[in-house]
1. Looking at region 112-123 only, could you name the residues that are open to solvent by less than 40 Å² (accessible area, probe 1.4 Å) and in contact (Cβ under 8 Å) with a residue 60 or more places away in the chain?
2. Specify the residue that is nearest to ARG87 (Cα to Cα); the eligible residues are those in region 38-49 that are open to solvent by less than 50 Å² (accessible area, probe 1.4 Å), of a type outside the set (A, V, I, L, M, F, W, C) and touching a strand residue (DSSP E or B) at 6+ places or on another chain (Cβ under 9 Å).
3. Looking at region 67-87 only, could you name the residues that are of a type outside the set (A, V, I, L, M) and either in contact with a Gly (Cβ under 7 Å, 6 or more places away or on another chain) or under 25 Å from GLY114 (Cβ atoms) (or both)?
4. What residue, among those in region 58-95 that are of a type in the set (Ser, Thr, Tyr) and more than 13 Å from ASP38 (Cα to Cα), is surrounded by the fewest Cβ atoms within 10 Å (Cβ to Cβ)?
5. Keeping to region 2-12, report how many residues are open to solvent by less than 80 Å² (accessible area, probe 1.4 Å) and over 22 Å from SER66 (Cα atoms).
6. Against the condition part of a helix (DSSP H, G or I) and surrounded by fewer than 17 Cβ atoms within 10 Å (Cβ to Cβ), how does GLN26 come out, does it pass?
7. Please state which one of LEU46, LEU57, LEU22, LEU27 is modelled with pLDDT under 90 and over 22 Å from GLU136 (Cα atoms).
Amino acid sequence: VCADHDRPLSKSGKEDAVKVSLKLQQLGWIPELILSSDAARTKETLKIMQEQVQELLEAEVHFVSSFYSIAAMDGQTADHLQKVICRYSSDEILTVMCMGHNRGWEEAASMFSGASVELKTCNAALLETAGKSWNEVVIIYYYVSFQKEKYSIFNREKDLYLT
(Lines give C-alpha, C1' and ligand atoms only; values in the text may rest on other atoms or scores of the structure.)
Protein backbone atom coordinates (compact mmCIF):
# COMPACT_ATOMS: atom_id res chain seq x y z
CA VAL A 1 0.00 0.00 0.00
CA CYS A 2 1.53 3.26 -1.10
CA ALA A 3 1.18 6.86 0.00
CA ASP A 4 -1.46 7.45 -2.70
CA HIS A 5 -3.74 4.92 -0.97
CA ASP A 6 -3.63 7.02 2.22
CA ARG A 7 -3.96 10.39 0.48
CA PRO A 8 -6.81 12.50 1.94
CA LEU A 9 -9.60 13.96 -0.13
CA SER A 10 -8.83 17.43 -1.49
CA LYS A 11 -11.01 20.48 -0.84
CA SER A 12 -12.46 20.26 -4.36
CA GLY A 13 -13.01 16.51 -3.82
CA LYS A 14 -15.06 17.28 -0.73
CA GLU A 15 -17.16 19.79 -2.68
CA ASP A 16 -17.62 17.30 -5.53
CA ALA A 17 -18.74 14.57 -3.09
CA VAL A 18 -21.52 16.86 -1.86
CA LYS A 19 -22.64 17.66 -5.42
CA VAL A 20 -22.64 14.03 -6.58
CA SER A 21 -24.53 12.79 -3.53
CA LEU A 22 -27.23 15.44 -3.95
CA LYS A 23 -27.52 14.69 -7.68
CA LEU A 24 -27.91 10.96 -7.01
CA GLN A 25 -30.61 11.75 -4.45
CA GLN A 26 -32.38 14.06 -6.91
CA LEU A 27 -32.36 11.27 -9.52
CA GLY A 28 -33.64 8.74 -6.99
CA TRP A 29 -30.59 6.51 -7.32
CA ILE A 30 -30.10 5.41 -3.73
CA PRO A 31 -28.17 2.14 -3.35
CA GLU A 32 -28.99 -0.70 -1.02
CA LEU A 33 -25.41 -1.97 -1.26
CA ILE A 34 -22.22 0.11 -1.44
CA LEU A 35 -18.97 -1.54 -2.47
CA SER A 36 -16.06 0.85 -2.04
CA SER A 37 -12.33 0.98 -2.37
CA ASP A 38 -10.63 1.08 1.01
CA ALA A 39 -8.46 4.08 0.02
CA ALA A 40 -8.65 6.93 2.52
CA ARG A 41 -10.10 9.45 0.04
CA THR A 42 -12.80 7.02 -1.11
CA LYS A 43 -13.86 6.33 2.48
CA GLU A 44 -13.92 10.08 3.09
CA THR A 45 -16.03 10.62 -0.05
CA LEU A 46 -18.56 8.06 1.16
CA LYS A 47 -18.70 9.65 4.63
CA ILE A 48 -19.45 13.06 3.11
CA MET A 49 -22.09 11.56 0.82
CA GLN A 50 -23.75 9.87 3.81
CA GLU A 51 -23.76 13.15 5.75
CA GLN A 52 -25.53 14.84 2.82
CA VAL A 53 -27.98 12.07 1.97
CA GLN A 54 -29.21 10.24 5.04
CA GLU A 55 -30.64 7.33 2.98
CA LEU A 56 -27.06 6.33 2.12
CA LEU A 57 -26.59 5.43 5.80
CA GLU A 58 -29.15 2.64 5.35
CA ALA A 59 -27.10 0.85 2.67
CA GLU A 60 -24.97 -2.17 3.47
CA VAL A 61 -21.31 -1.12 3.00
CA HIS A 62 -18.25 -3.24 2.23
CA PHE A 63 -14.75 -1.86 1.74
CA VAL A 64 -13.02 -3.93 -0.93
CA SER A 65 -9.23 -3.57 -0.89
CA SER A 66 -8.86 -4.96 -4.42
CA PHE A 67 -10.86 -2.02 -5.84
CA TYR A 68 -7.78 0.15 -5.31
CA SER A 69 -5.29 -1.98 -7.25
CA ILE A 70 -7.58 -3.49 -9.92
CA ALA A 71 -8.14 -0.07 -11.51
CA ALA A 72 -4.53 -0.03 -12.72
CA MET A 73 -4.80 -3.44 -14.43
CA ASP A 74 -5.89 -3.05 -18.05
CA GLY A 75 -9.06 -4.84 -19.01
CA GLN A 76 -9.68 -6.51 -15.64
CA THR A 77 -11.85 -4.02 -13.74
CA ALA A 78 -15.23 -4.90 -15.33
CA ASP A 79 -14.82 -8.62 -14.74
CA HIS A 80 -13.62 -8.03 -11.17
CA LEU A 81 -16.54 -5.68 -10.42
CA GLN A 82 -19.02 -8.27 -11.63
CA LYS A 83 -17.52 -10.97 -9.42
CA VAL A 84 -17.50 -8.71 -6.35
CA ILE A 85 -21.08 -7.55 -6.95
CA CYS A 86 -22.25 -11.17 -7.25
CA ARG A 87 -20.34 -12.12 -4.09
CA TYR A 88 -21.81 -9.37 -1.88
CA SER A 89 -25.30 -8.88 -3.32
CA SER A 90 -28.48 -10.87 -3.10
CA ASP A 91 -31.46 -10.99 -5.44
CA GLU A 92 -33.34 -8.61 -3.12
CA ILE A 93 -30.74 -5.88 -3.71
CA LEU A 94 -31.79 -3.83 -6.73
CA THR A 95 -29.27 -0.98 -6.60
CA VAL A 96 -25.52 -1.20 -6.06
CA MET A 97 -23.01 1.64 -5.89
CA CYS A 98 -19.36 0.81 -6.57
CA MET A 99 -16.77 3.42 -5.61
CA GLY A 100 -13.25 3.24 -6.95
CA HIS A 101 -10.54 4.75 -9.08
CA ASN A 102 -9.60 5.46 -12.66
CA ARG A 103 -8.44 4.33 -15.21
CA GLY A 104 -10.16 1.01 -14.58
CA TRP A 105 -13.50 2.49 -13.58
CA GLU A 106 -13.79 4.41 -16.85
CA GLU A 107 -12.84 1.28 -18.76
CA ALA A 108 -15.44 -0.80 -16.87
CA ALA A 109 -18.21 1.75 -17.49
CA SER A 110 -17.33 1.72 -21.19
CA MET A 111 -17.39 -2.08 -21.31
CA PHE A 112 -20.71 -2.30 -19.44
CA SER A 113 -22.41 0.37 -21.55
CA GLY A 114 -20.96 -0.53 -24.94
CA ALA A 115 -20.03 3.12 -25.46
CA SER A 116 -16.98 5.21 -24.69
CA VAL A 117 -17.43 6.66 -21.20
CA GLU A 118 -15.19 9.38 -19.79
CA LEU A 119 -15.13 9.65 -16.01
CA LYS A 120 -13.40 12.55 -14.31
CA THR A 121 -12.72 12.81 -10.59
CA CYS A 122 -15.90 12.27 -8.56
CA ASN A 123 -18.05 11.43 -11.59
CA ALA A 124 -20.74 8.78 -11.59
CA ALA A 125 -21.84 6.46 -14.38
CA LEU A 126 -25.41 5.29 -13.80
CA LEU A 127 -26.09 2.03 -15.63
CA GLU A 128 -29.34 0.10 -15.79
CA THR A 129 -30.03 -3.45 -16.85
CA ALA A 130 -32.66 -6.12 -16.35
CA GLY A 131 -32.35 -9.50 -14.71
CA LYS A 132 -33.80 -11.61 -11.94
CA SER A 133 -30.40 -11.92 -10.22
CA TRP A 134 -27.00 -10.26 -10.36
CA ASN A 135 -25.60 -13.47 -11.89
CA GLU A 136 -28.18 -13.15 -14.69
CA VAL A 137 -27.14 -9.52 -15.19
CA VAL A 138 -23.54 -10.74 -15.66
CA ILE A 139 -24.71 -13.27 -18.25
CA ILE A 140 -26.64 -10.53 -20.10
CA TYR A 141 -23.49 -8.38 -20.10
CA TYR A 142 -21.34 -11.15 -21.55
CA TYR A 143 -23.93 -11.98 -24.21
CA VAL A 144 -24.16 -8.36 -25.29
CA SER A 145 -20.38 -7.99 -25.13
CA PHE A 146 -19.73 -11.03 -27.31
CA GLN A 147 -22.46 -9.99 -29.78
CA LYS A 148 -20.71 -6.59 -30.14
CA GLU A 149 -24.04 -4.82 -29.66
CA LYS A 150 -24.68 -1.64 -27.77
CA TYR A 151 -25.79 -2.20 -24.19
CA SER A 152 -29.43 -1.13 -24.09
CA ILE A 153 -31.09 0.70 -21.24
CA PHE A 154 -33.63 -1.78 -19.91
CA ASN A 155 -36.34 -1.18 -17.34
CA ARG A 156 -34.99 -0.29 -13.93
CA GLU A 157 -34.95 -3.68 -12.21
CA LYS A 158 -31.26 -3.60 -11.34
CA ASP A 159 -29.10 -0.48 -11.07
CA LEU A 160 -25.33 -0.24 -10.89
CA TYR A 161 -23.38 2.93 -10.15
CA LEU A 162 -19.72 3.42 -10.81
CA THR A 163 -18.29 6.47 -9.09
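1. CYS122
2. Filtering first and then ranking leaves ASP38.
3. If the condition is that a residue be of a type outside the set (A, V, I, L, M) and either in contact with a Gly (Cβ under 7 Å, 6 or more places away or on another chain) or under 25 Å from GLY114 (Cβ atoms) (or both), then PHE67, ASP74, GLY75, GLN76, THR77, ASP79, HIS80, GLN82, LYS83, CYS86, ARG87 are the ones that fit.
4. SER90
5. So the count comes out to 2.
6. yes
7. LEU27
The values are calculated or read from the model by the stated rules, or taken from the named source; none is laboratory data. Please read these numbers as outputs of a predicted model, since none were measured by experiment. Reconstructed Cβ throughout: ideal geometry from the backbone, glycine too, with neighbour counts over all protein chains shown. Areas reflect the complete protein model, heavy atoms only, side chains present, ligands, DNA and RNA absent. Shrake-Rupley method; radii C 1.70, N 1.55, O 1.52, S 1.80 Å.
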